[in-house]
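The values are calculated or read from the model by the stated rules, or taken from the named source; none is laboratory data. All values reported here derive from a predicted model rather than from experimental measurement. Cβ placement follows ideal geometry from the backbone for every residue including glycine, while neighbour counts extend to all protein chains displayed.
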Amino acid sequence: MKKIFIMPGAVIIAGYMNLNAAGSNYVEKIDSILPVRGFCIAAPSPKDVDEFVKFIDEELAPRSVNVLILRVDFGYQFESHPELRDSVALSKKDVKKIVTVCKKSNIKVIPQINLLGHQSWAGKIGKLLEVYPEFDETPKVKMPVDYKWPNDYGLYCKSYCPLHPDVHKVVFAVVDEICDVFESDAFHAGMDEVFYIGEKQCPRCSGRDKAVLFADEVRTIRDHLYAKGRRLWIWGDRLIDGKATGMGEWSASFNNTYRAVDMIPKDVMICDWHYSKPEQTPVYFAMKEIDVVTCPYTVPGVAVLQVQDMVRWRSYATPQMKEHYQGMLQTVWSGARPFLDIYYGRRPDTSARSAVKCFKAMFAEIQKISETK
């Protein structure tokens, strides 16, 4: 039988040591192994908040999760721009329930609103461009009734025009409001899978360098957050050359935005997502002096290898490189309800590729390493 040394004062919940109850020495140890141990999911709907709070308290905290990224987008009852509220949106009271349980467990909450790209999905326009169509980078590209990929317009998701003179007034108002209500010192701006940028039909962006446009938007968002004591997090795919690496146009860039990696501020946190293979791109970002976390999704074996890679890099890197390898972030690309339904057994989890299985495997590997280090 495997022997596990339990720190005095530790609490075992569902087979996991609650590191927040295990004493400061153990917390310092796991922090030194992987500073970021994160979980990213869509924010729950109002009717699911209480169960989500329970999940944070009974499942995330015992697994030593210390960062929770919630994809809120326009699912909050914004007061600064009420016209941007989704039909189903969290109240301030709902958010404070999440904030309270996260404070209890020393979990940093980071809200996300997709900026620049992902302003539409399939055949549906997003709230920002629905309310402010003048912000659309490609207004002549109409949303199809029956969305298919590929298509004649190269439409995956729409983007807003980063050079529109009014877009940041609106965007930053809701960013500030969501960060304030979550009491967060960081914000995730998304910025992944930006296919439309610097388009010829845009009177402001036409002819401009796409890498410069992307880098300038990163810097504009970063500078706004920095002035308020907050850090910018983004997905890393647009900063990788999809052609040179062979990684393609989804988890890397085909439209030359990758050169922006040398133009963005060094204090941006990169969330480097690769779901099918344990790509070694965190080394690339670390060599650019940029902090990075690795992000798995549905393949448990890949997540385990990615944890091992991250721990090994931190163990053997030079002091200059080590601190750029920040840790792991499990991603869940569904609503909170479908994930919780599977997690709590209300729906079967029959697929070998499963966010629930990946989540469990990733944190089991982190615990295993923390016990043997």
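What about T350, is it buried (at least 20 other Cβ atoms within 10 Å of the Cβ), more than 26 Å from P265 (Cα to Cα) and of a type in the set (S, T, N, Q)? Even if it seems obvious, please write down each step before you answer.
Numbers: buried (at least 20 other Cβ atoms within 10 Å of the Cβ): no; more than 26 Å from P265 (Cα to Cα): yes; of a type in the set (S, T, N, Q): yes.
So T350 does not fit the description; no.
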- Query: Is one or more of the residues making up region 62-81 outside any loop (DSSP other than H, G, I, E, B) and surrounded by fewer than 19 Cβ atoms within 10 Å (Cβ to Cβ)?
  - Reply: no
- buried (at least 17 other Cβ atoms within 10 Å of the Cβ), touching a strand residue (DSSP E or B) at 6+ places or on another chain (Cβ under 8 Å) and within 30 Å of D166 (Cα to Cα), is that true of I221? yes
- Query: Which of the following residues is in contact with an Asp or Glu (Cβ under 9 Å, 6 or more places away or on another chain) and within 17 Å of I178 (Cβ to Cβ): I125, I110, I98?
  - Reply: I110
- Item | Meets criteria (aliphatic (A, V, I, L, M) and in a helix (DSSP H, G or I)) for V99 | yes
- Message: Based on this model, can you work out whether G301 counts as closer than 18 Å to N66 by Cβ and either crowded, with 22+ Cβ neighbours inside 10 Å or modelled with pLDDT of 95 or more (or both)?
- Response: no
- For K142, indicate whether it is in a loop (DSSP other than H, G, I, E, B) and buried (at least 21 other Cβ atoms within 10 Å of the Cβ). no
- Query: Looking at (1) surrounded by fewer than 17 Cβ atoms within 10 Å (Cβ to Cβ); (2) out of contact with any strand residue (DSSP E or B) (no Cβ under 8 Å at 6 or more places or on another chain); (3) touching a residue at least 40 places away in the same chain (Cβ under 8 Å); (4) part of a helix (DSSP H, G or I), which is the only condition E58 fails?
  - Reply: (2)
